[in-house]
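*Asks:* Mind having a look at this structure? Questions to follow.
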Number of protein chains: 4
Amino acid sequence: MQYLKDEVKNSILQAALSEFMRHGYSNASMRQIANLAGITPGNIYRYFKNKEDLFQELIHPVYEKFIQYLMEIKDDFDDSYCVINTTNPLDYLRKVESTIVELFKESNVELRILLNLSSGSSYEPVKQELIQLAAHILMKVFIPGEDQQDQAMIEERNLAHMLAGTLIEGVCIILRDHEDGETVRQLVDELLRVYCAGIISRLNI
Amino acid sequence: MQYLKDEVKNSILQAALSEFMRHGYSNASMRQIANLAGITPGNIYRYFKNKEDLFQELIHPVYEKFIQYLMEIKDDFDDSYCVINTTNPLDYLRKVESTIVELFKESNVELRILLNLSSGSSYEPVKQELIQLAAHILMKVFIPGEDQQDQAMIEERNLAHMLAGTLIEGVCIILRDHEDGETVRQLVDELLRVYCAGIISRLNI
Amino acid sequence: MQYLKDEVKNSILQAALSEFMRHGYSNASMRQIANLAGITPGNIYRYFKNKEDLFQELIHPVYEKFIQYLMEIKDDFDDSYCVINTTNPLDYLRKVESTIVELFKESNVELRILLNLSSGSSYEPVKQELIQLAAHILMKVFIPGEDQQDQAMIEERNLAHMLAGTLIEGVCIILRDHEDGETVRQLVDELLRVYCAGIISRLNI
Amino acid sequence: MQYLKDEVKNSILQAALSEFMRHGYSNASMRQIANLAGITPGNIYRYFKNKEDLFQELIHPVYEKFIQYLMEIKDDFDDSYCVINTTNPLDYLRKVESTIVELFKESNVELRILLNLSSGSSYEPVKQELIQLAAHILMKVFIPGEDQQDQAMIEERNLAHMLAGTLIEGVCIILRDHEDGETVRQLVDELLRVYCAGIISRLNI
DNA sequence: AATGAATGAGGTTTCATTCAT
DNA sequence: TATGAATGAAACCTCATTCAT
């Protein structure tokens, strides 16, 4: 009994991963997923309730881990950096980096789907939330002290938002193009170095 | 009659632009485009062979301009920077920047569709091509002289590729989130500043 | 323009009426309706949003008329019969009868679908509501005065409910089996005669 | 082995009874029947050729008993009532009643399925056949003597048909709404009383 | 005898595209 | 030239039935 179940379920998941990666959630075809998995479309529904359920089973673990991780970063950051302004942001980000890379190394494709290809699913607004979280952290770097509401403030906010977005996208790109863990770490390192250098140079103006 | 034809054709193109912008290529509805253009669905097919053809007529000019522009940058770069190494890369990129922003200001929507909303069309792989072109340019910054094939070379290639990708994505993000031309220019400026600072600091190591 | 629309819409409505009549709402097949109408399934959706919408367009007018009519009966009954107990129930029901027959003559099939074949649609609970309304009226015949809550009361309630149900079904059967208006009127007359005789004889016990 | 087989077969039949009762023939799910029976879907097909066969094995005995019973009533009626016109129809119907209720008490669920929930199966037209049989019996009450073919005859035929239908539906309604055998008997008693009173009053005109 | 994974035909619905008018 | 009704293929999904185990 159940002489094939796990094998088939895995082949469906793998096929779905490939199809979602290629066409995004709403343009992915259950028929194509079935073809890729070597089964008939109806059989998918023995393993997953529907398209959204299949997507969720693939993406949710990564989503949860990622959210939890970012929250930890935020809390840690709020505690250690903002109160006593001793930590160098460069050092702080460097510490963060290794954990990020670890998570991405585990779930490269899933994260890219979550962040860039989930339009039409319940995860659609996740990317903006994540970028806003990242922006929140960067904001504290640019405006350490008080909450000014003047023009400068708006510009800083835009800047933080933009840099947060590019940072997230940068990591996505690195992970899309490279499999080797050490290369990934090295490139993220470089990316952070660029960002930190730029941010520091901007703060010093 | 010819006059009427052009008017209708333009209204279709304008409607299509709006619809592709809102829903992306494959989720755009020909019926909705007809509605927006104030005509009937069947009539679209007197002006355009099919959905893909309509998309192409809209996007191709921008695509071509963008490619041509990047080629010019590449050629200019090859001539002015690589041979006699006098120009400051920061100055060079700053010169580039204003042209980029100009192009985006002209064809903001088309470029955003081309880069982010062309999934399902023949332009789907364009973004990657563009990033590779940009990477080629950046390569010349990092490896000014000869074509070494050693390990250091590979690392520089990866770095250039990654930075090119994040740069392109960064510009996309800026254009997605902001309409005002001056804000766009300012943010692109900041983005370049960060990149240049990072790149210079890296070159100086 | 619109050179066929009404004709097709009517053929769909007629086909749907036949299909819903034969198999009920949830077992009716849109494909079969299309076949009966001599069109393709997709074309139905140019005329009706979905299956429920098609059903509603067919059934709602009858439903509304029927509900309104029954409410009028109920109000008229509450006013004329319960307060001053002068009207003979036989006379009252006879007055009611002609109106019922008129409505049924107009929308024979639709009413039968509404009452007996709407399972799965939003009209599913209508029949029970109607029977309860009819039972409410009959209750007033059996228990003219006060609201007793004893055993006799429960029996009267069951009896009223049962007779209301059979009355409704009886009218449905008459209309299913006969087309001629005069025959219908005559049979409903007989049915009411039987009911009234029985009810009166029961009250006299 | 044979013992086990019967046990399984019975559990399937019991499960099917419950499922058909809840959802009707065509909306009943073979998978759900298997679940209720504590076996797997495929195994049902070792005991029953298909869904229709399972339905038939469940319903046919009751159908046959019911038909046979009605035939006996008819024959008994033809012998005792029509030839020597001594028996009071009220007494005769009262005698009939207790047998009807007995049969319903034995096979309440099966009869309700047969009469009201067989849409989509081969038993779908049974209810009409039953009503026509009942109408045939009632005809003998209204037209004791000869087979006139005049207008009066047609009216009597229609009347008998209508009253047979309402009687059957009335019993169905009673059985749908009540579980307790004594309440069922009592309501059927009342229903017959109404019918008899009406029929007698009509005959006396 | 029993399992339950798999199939395949069918369900409702959408939509780019065609074509008679 | 323009209409918009109609088509047909595809979408997601369900389920009675089959069959390798």
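The values are calculated or read from the model by the stated rules, or taken from the named source; none is laboratory data. Worth saying up front: this structure is predicted, and the values here are computed from it rather than measured. Positions of Cβ are generated from backbone atoms using ideal geometry, with glycine treated the same way; all protein chains shown enter the neighbour counts. Ligands, DNA and RNA are stripped out before the accessible areas are found, and what is left, the full protein with its side chains, is counted by its heavy atoms. Shrake-Rupley method; radii C 1.70, N 1.55, O 1.52, S 1.80 Å.
*Asks:* Can you name every residue in the range B:25-68 that is of a type outside the set (S, T, N, Q), closer than 26 Å to A:Tyr25 by Cβ and within 11 Å of DNA strand E (Cβ to nearest atom)?
*Replies:* B:Tyr25, B:Ala28, B:Met30, B:Arg31, B:Ile33, B:Lys51, B:Glu52, B:Leu54, B:Phe55
*Asks:* May I ask you to list pairs of residues, at least six apart or on different chains, whose Cβ atoms are under 8 Å apart, with the first in the range D:41-52 being closer than 17 Å to D:Glu19 by Cα and of a type in the set (A, V, I, L, M) and the second being assigned to a helix (DSSP H, G or I) and more than 7 Å from DNA strand E (Cβ to nearest atom)?
*Replies:* Listed pairs, sorted by first residue: D:Ile44/D:Ile12; D:Ile44/D:Met30; D:Ile44/D:Ile33; D:Ile44/D:Ala34; D:Ile44/D:Ala37; D:Ile44/D:Leu54.
*Asks:* Continuing with the same structure: Given the condition within 27 Å of the chain's Cα centre (by Cα) and either open to solvent by less than 20 Å² (accessible area, probe 1.4 Å) or free of Cβ contacts under 8 Å to residues at least 60 places away in the same chain (or both), answer yes or no: does some residue in the range A:1-8 qualify?
*Replies:* The answer is no, given that none of the residues of the range A:1-8 is within 27 Å of the chain's Cα centre (by Cα) and either open to solvent by less than 20 Å² (accessible area, probe 1.4 Å) or free of Cβ contacts under 8 Å to residues at least 60 places away in the same chain (or both).
*Asks:* Among the numbered criteria (1) modelled with pLDDT of 80 or more; (2) in a helix (DSSP H, G or I); (3) not charged (D, E, K, R), which one does D:Val141 miss?
*Replies:* With respect to (1) modelled with pLDDT of 80 or more; (2) in a helix (DSSP H, G or I); (3) not charged (D, E, K, R), D:Val141 is out only on (1).
*Asks:* Next up: Which numbered condition trips up C:Ile154, out of (1) part of a helix (DSSP H, G or I); (2) more than 19 Å from the chain's Cα centre (by Cα); (3) at pLDDT below 75?
*Replies:* Single failed check for C:Ile154: (3).
A quick yes/no check of all residues on (1) part of a helix (DSSP H, G or I); (2) on the phi > 0 side of the Ramachandran plot; (3) modelled with pLDDT under 75:
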| site | (1), (2), (3) |
| --- | --- |
| C:Phe77 | yes, no, yes |
| C:Asp91 | yes, no, yes |
| C:Arg94 | yes, no, yes |
| C:Ile100 | yes, no, yes |
| C:Arg112 | yes, no, no |
| C:Ser119 | no, no, no |
| C:Lys127 | yes, no, no |
| C:Leu130 | yes, no, no |
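*Asks:* Something else about it: Which of the residues belonging to the range A:24-49 are open to solvent by 60 Å² or more (accessible area, probe 1.4 Å) and within 10 Å of DNA strand F (Cβ to nearest atom)?
*Replies:* A:Arg31, A:Gln32, A:Asn35, A:Thr40, A:Tyr45, A:Arg46, A:Lys49
*Asks:* Out of the residues in the range D:148-163 meeting the condition of being more than 9 Å from chain C (Cβ to nearest Cβ) and open to solvent by less than 20 Å² (accessible area, probe 1.4 Å), tell me which one is farthest from C:Asn158 (Cα to Cα).
*Replies:* D:Met153
*Asks:* Within the range D:184-205, how many residues turn out to be loosely packed, with under 14 Cβ neighbours inside 10 Å and within 16 Å of the chain's Cα centre (by Cα)?
*Replies:* Matching residues across the range D:184-205 total 0.
*Asks:* Limited to the range D:184-205, what total is found for residues that are free of Cβ contacts under 8 Å to residues at least 12 places away in the same chain, more than 8 Å from every other protein chain (Cβ to nearest Cβ) and in a helix (DSSP H, G or I)?
*Replies:* Qualifying residue count, the range D:184-205: 1.
*Asks:* Taking the range B:9-23 as the region of interest, how many residues are within 15 Å of DNA strand F (Cβ to nearest atom) and either open to solvent by 50 Å² or more (accessible area, probe 1.4 Å) or farther than 15 Å from B:Phe48 by Cα (or both)?
*Replies:* The total comes to 2.
*Asks:* How about the range D:168-183: which of its residues are more than 7 Å from chain C (Cβ to nearest Cβ) and surrounded by 23 or more Cβ atoms within 10 Å (Cβ to Cβ)?
*Replies:* The answer is D:Val171, and nothing else.
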